[in-house]
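I have placed the structure first, in the form of structure tokens, so that the comments after it can refer back to it.
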Amino acid sequence: MNFKLLGPLRVENGHTEARVPKAPKVRQLLALLLFCANTMVSTDQIVDELWGEESPRQAALTVRTYVCHIRKAMGELDGGHKLNTVSSGYMLSIGDDQLDVTRFTSLYHNGRAYYEAGEHEKASDNFRRALEIFRGPVLADVETGAILQPFKARLEEERSAAQALRIQTDLALGRYLQLIGELRSLTISQPLNEWAHARLMEALTHSGRRSDALNVYRKLRRTLDQELGIAPAPELQRLLQRILAIGQPA
């Protein structure tokens, strides 16, 4: 049994996609229980997530009804999981390998450890495998409230960090040609991202495309001036000078 939150909410039984509750609030509760898997989530926390300050008068009863819907859906599935009533709340017990968030987090932190140790091949492999787990934006088809929204934001930040660190490791490994397309796409989707433009300039320069790298700088400088009224950061200006110096007499 696999539970997936890194993209649309999905529950898979082997290679078959299992039935997930369609009601928005029930899906939101299932997502919350999965994010907090193996820890107790209080009824008050659930109410806060689902309704915030506009909770219904019988919110606790409504939560129990939603839990029944989840239990019914998951009761039709095989695989080690259990949704128990615990103290003043609920706990969904699943195996660590059943949730995509857990797998991503493990690979991401492994990648960071390898990166900090200078083991770039292993770091790149872990970051790549971590990023492959994503199928789209976190909880793409689930509403998020006071608790889920910070979880979602944190995972999106970690996804961006994993991509940036993977690009850094691949640059260190000399994979310049393979990175150009990805970096080009990043600069198009994020036209004010100076870091991505700098990495694209590096990849192009090391691939023998110095003039293309200079064009990337010119375009970024023009965009920053038009959109924000600022010049490229000192790091980019120093990179430009290094590129300009290539091939000049010593």
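Quick notes on this one:
- Some residue of segment 148-155 being open to solvent by less than 20 Å² (accessible area, probe 1.4 Å) and either modelled with pLDDT under 95 or out of contact with any Cys (no Cβ under 9 Å at 6 or more places or on another chain) (or both): yes
- Failed criterion for G118 (all others in (1) crowded, with 17+ Cβ neighbours inside 10 Å; (2) small (G, A, S); (3) at positive phi hold): (1)
- Only one of L236, L179, L192, L186 that is outside any helix (DSSP H, G or I) and hydrophobic (A, V, I, L, M, F, W, C): L192
- In segment 140-159, the residues that are closer than 22 Å to L107 by Cβ and not assigned by the TED database to the domain that holds E49 form Cβ pairs under 9 Å with partners that are modelled with pLDDT of 95 or more and open to solvent by 60 Å² or more (accessible area, probe 1.4 Å), at six or more places apart or across chains, as follows: K152/P137; E156/P137.
- Enumeration of residues in segment 192-250 that are basic (K, R) and open to solvent by 80 Å² or more (accessible area, probe 1.4 Å): R209, R210, R218, K219, R221, R222, R238, R242
- Residue count for segment 100-152, restricted to those that are acidic (D, E) and within 26 Å of D48 (Cα to Cα): 3
- Tally of residues being without any contact (Cβ under 8 Å) to a residue 24 or more places away in the chain and assigned to a helix (DSSP H, G or I) across segment 1-50: 1
- The one condition in (1) touching a Leu at 6+ places or on another chain (Cβ under 9 Å); (2) open to solvent by less than 70 Å² (accessible area, probe 1.4 Å); (3) not aromatic (F, W, Y); (4) not assigned by the TED database to the domain that holds A203 that T187 fails to fulfil: (4)
The values are calculated or read from the model by the stated rules, or taken from the named source; none is laboratory data. Worth saying up front: this structure is predicted, and the values here are computed from it rather than measured. Every residue, glycine as well, gets a Cβ built from its backbone with ideal geometry; the counts of neighbours run over all protein chains shown. For accessibility, only protein heavy atoms count, side chains too; no ligands or nucleic acids. Shrake-Rupley method; radii C 1.70, N 1.55, O 1.52, S 1.80 Å.
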